[in-house]
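Some notes on the structure that comes next.
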Amino acid sequence: MAGRRLEGTGKWADGKVHEGEEQAEWIFNKNFIHGQGWFKDRDGKRVEYIYLISWDPNSKKMLMPIVDSGGGQSMRTGVIAPATNTITSRQTGILGTGAEVAFEQVTRLVDQRSFEWIGTKFEGENDCPTSRSRSRENSDCRSCA
């Protein structure tokens, strides 16, 4: 959904609200996607992040390095399934505290204006049961500008 602003809401598995906004755009002749946004973590703290999405033609995988305002950094590696409009990926990283974290996720395009995110198998400091959120295009997402 590059070139669009999204806002999302959902719940962490423990029932706490998960919300955020994101925008992404194609860069370098549509060879990469650059994105940025924010979300509220399980403690309600706002975390800002940026990412870059690229495609590895040798491994046939999507690569997505991510850094955040808390000093965290991670790498998401995924497989794209066009027939089901899904990306299945694994993210591993280190929080700003130095703690290692990992989880699996599925991102599924619901329609041309929204997608669903499901995170599972959380490990490390972010250990929690399955979490879900849904994001929808919002052309008035002013804080993403």
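The values are calculated or read from the model by the stated rules, or taken from the named source; none is laboratory data. It should be emphasised that the depicted structure is a prediction, and the values quoted were computed from it without experimental measurement. Cβ placement follows ideal geometry from the backbone for every residue including glycine, while neighbour counts extend to all protein chains displayed.
Pick out the one residue from V17, V47 that is aliphatic (A, V, I, L, M) and at pLDDT 90 or above. If you could, list the steps in order and put the result at the bottom.
Working: V17 fails: at pLDDT 90 or above.
Step by step, each of V17, V47 is checked, and only V47 is aliphatic (A, V, I, L, M) and at pLDDT 90 or above.
Would it be correct to say that V79 is under 16 Å from the mean Cα position of the chain (by Cα), closer than 23 Å to G15 by Cβ and not acidic (D, E)? Can you show your working first?
On the way: under 16 Å from the mean Cα position of the chain (by Cα): yes; closer than 23 Å to G15 by Cβ: no; not acidic (D, E): yes.
For V79, the condition - under 16 Å from the mean Cα position of the chain (by Cα), closer than 23 Å to G15 by Cβ and not acidic (D, E) - is not met.
When both residues are 6+ apart or on different chains and their Cβ atoms are under 8 Å apart, which pairs have a first residue that lies in segment 38-53 and is closer than 10 Å to E22 by Cα, and a second that is among the aliphatic types (A, V, I, L, M) and part of a strand (DSSP E or B)?
Partner pairs satisfying both residue conditions: W38/V47; F39/V47; Y49/I66; Y49/V67; I50/I66; I50/V67.
From the residues in segment 23-43 that are among the acidic types (D, E) and modelled with pLDDT under 85, which one is nearest to S54 (Cα to Cα)?
D41
Just a yes or no: is a residue in segment 66-74 touching a residue at least 24 places away in the same chain (Cβ under 8 Å) and in contact with a Leu (Cβ under 7 Å, 6 or more places away or on another chain)?
Yes.
So which residues in segment 28-53 are in a strand (DSSP E or B), surrounded by fewer than 14 Cβ atoms within 10 Å (Cβ to Cβ) and not charged (D, E, K, R), if there are any at all?
Residue satisfying the conditions is I50 alone.
Any idea which residue in segment 86-102 is farthest from T120 (Cα to Cα), counting only those that are surrounded by 15 or more Cβ atoms within 10 Å (Cβ to Cβ) and in contact (Cβ under 8 Å) with a residue 24 or more places away in the chain?
This residue is L95.
Take the residues of segment 54-77 that are touching a Gly at 6+ places or on another chain (Cβ under 9 Å) and assigned to a loop (DSSP other than H, G, I, E, B): which is surrounded by the fewest Cβ atoms within 10 Å (Cβ to Cβ)?
Only one residue tops the list, namely G71.
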